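The values are calculated or read from the model by the stated rules, or taken from the named source; none is laboratory data. Here the structure is a predicted model, which means the values were calculated and not measured. Using ideal geometry, Cβ is built from the backbone for each residue, glycine included, and neighbour counts are taken over all protein chains shown. For the accessible areas, the whole protein counts, side chains as well, though only heavy atoms, and no ligand, DNA or RNA atoms are used. Shrake-Rupley method; radii C 1.70, N 1.55, O 1.52, S 1.80 Å.
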Amino acid sequence: IFSDVYNGTVTFLPLEENSEGKCLIKKCNIYQIQLKHIKDEEWSVSVVVPFPEDWFSDGIAYPKLAWLGNELLSKLAKWSVEQKPSEFKSTLSLISVAKYSKVYQDLKEKYKEMVKVWPEVTDPEKFVYEDVAIATYLLILWEEERKEKGLTKKQSFVDLGCGNGLLVHILNNEGHSGRGIDVRRRKIWDMYGPETHLEESTIMPGDSHLFPDTDWLIGNHSDELTPWIPVIAARSSYSCCYFVLPCCFFDFHGKYSRRQSKKTQYREYLDFIAQVGFVCGFHVEEDCLRIPSTKRVSLIGKNRIYPPTESALIDKQITQFINNRRTCTGITCDRRVGFNHKDHCDGVCEEAGSELPADETETAGTTWMPGFQPREKVEQIRNCASLPREFVDEVVLNVANLLLNATPQKSYSNMQGGNMNSWNQGESLSLKEVAEHLNKETLKRLKSEYGGLQTLLKNNHQVFEVLNGRVHIRDWRKEKPSSKTKPEAKRRLSAEAFKTRLCWFFIHHPDGCSLPSESCPYAHGTEELRQSQIIKKKKHI
């Protein structure tokens, strides 16, 4: 990277290593960002590419030109004039940015193949590079800790709510002993091999889920477990540390309830999790990670603010705090696990001098919060995808007929070879109007699904278009060519799915399909059907 401050330019020269170990400039991918002063307070920022016709993009190390011109440029212009104070710390404030950048690029190159073989339904690029970034951060944080404390052995860890397990896989590969625990096994777990230690198990905060021999507990988008992780770390051992990256907002028992309107919900929740760490006796540090997520603030408990001799007092303080949170949310207390019963509380821990009766401060029970609801082992699919095909087909046909027979009727006409071709596009109706025409049993069944009627209609993209709360029959003649509107990966999927499903309009619409057979992406009759290449690929993987 060549920075010319005087002339307002930064030039990026990509280097690639050849088979002989020499670094060569990849000339076709050189680009420059320029800042120019126009007049007074007017400035311009631009991206210049000297060889756009030869530009190479792999979607991993080299961005697309459209991204440089549209996404990056607008962001640079926005950031240059922004003056709003941030609620959060600057990115990577606790570690060396230079070291992070080097390790991240190394790990990104090492694990980029995961993107190509990702078997989950989630976006591979987001999840792979996010976990690579989190692993990079932890590796550097732990390296610094070893230097500070004079340690030689690499830290051990347990990732609570490890999900796809990729973070565990990377950390294990990089020499850290540890395991991931999640309530539900993922398909990708089978791809990692025996060196990656993953367990399918439910974690209930309590005496049976302590980790006295573990150096670090990790909570990466750990949801229900997030507020419990500082507690589990504190009660596991005096030397146990934690790293949490909060995402969804959960209290010790159920969803988190907002208490302050002056802060954003996210900022308020982060403050709550930081407060939990403080009550547990940790010096809590905050840092902002460089990941493709809106929830990228991490909280780290690396050092204690009390001597080991005061562990019993801190444990009482933790119990009191959890009890206060519990009674504030209207949850009944169970004396067996040592929660102090109070009629009123303000959600913060008692003063150091106040103590609870001895019989109510013991944490002898196996669980610290009776009634705690962990995530269900079997993930409920409630997006209309699990509804019987016959039921969905019936609703689609009923709604389509409703739109086609609504008055006044619309027809879409165009000239083809001099002949007027009219095709009934039907009327548009609001979702409420459509719902009023469906029977009660159908509506009841749809209401049990997230999104209900709207989700079912959007899922049936071939037939319907839902815009601003109104339902329309989709006219495929108005659709833009996919080559101009879709990214390369989606265009490839469209090509693979071509003619693999029957055309609904060819079968059900009174005027047939609005497109000729050769232009319609769906099959006009069973003789045109092709076997799905996507299914073949999934079987191969």
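For this structure, a couple of remarks:
- Where a label projected 7 Å from the Cα of residue 102 along Cα→Cβ would reach, residues of the stretch 168-205 with amide N under 19 Å: 174-175
- Straight-line cross-link partners of residue 89 among the aspartates and glutamates, defined as a Cα under 14 Å from its Cα and at least 8 positions apart when in the same chain: 271, 285, 286, 287.
- Residues whose placed amide H lies under 5 Å from that of residue 178, excluding near-sequence neighbours: 157
- Fraction of alpha-carbon pairs over 17 Å apart in the stretch 91-130 - percent: 41 percent
- Accessible area (Å², per residue) of the stretch 2-81, counting only protein heavy atoms and a probe of 1.4 Å: 74 Å²
- Segments 110-119, 243-252 sorted - mean Cβ within 10 Å per residue, highest first: 243-252, 110-119
- Counted charge near residue 29, where neighbours are those whose Cβ lies closer than 14 Å (Asp, Glu -1; Lys, Arg +1): -1
- Amide H within-cut-off set for residue 368, under 5 Å, with H built and near neighbours excluded: 206, 207
- Calculated FRET efficiency, residue 40 to residue 112, Cβ-Cβ distance, R0 = 60 Å: about 0.85 to the nearest 0.05.
- Sorting 160-167, 508-515, 191-198 by average packing, meaning the other beta carbons within 10 Å per residue, from highest down gives 160-167, 508-515, 191-198.
- Span from the the stretch 307-323 Cα centroid across to the the stretch 108-175 one, whole angstrom: 32 Å
- The phi torsions of the stretch 61-66, fed into the Karplus equation with coefficients 6.51, -1.76 and 1.60 and a -60° offset, translate into couplings of 8, 10, x, 6, 4, 4 Hz, rounded to whole numbers, with Gly and Pro shown as x.
- For the stretch 2-81, carbon and sulfur atoms together expose 57% of the accessible surface, with a 1.4 angstrom probe and every protein chain in place.
- With 31 Å as the limit on Cα-Cα distance, the pairs of 26/154; 112/458; 262/440; 22/99; 108/478; 26/147 that go past it are 26/154; 112/458; 262/440; 108/478; 26/147.
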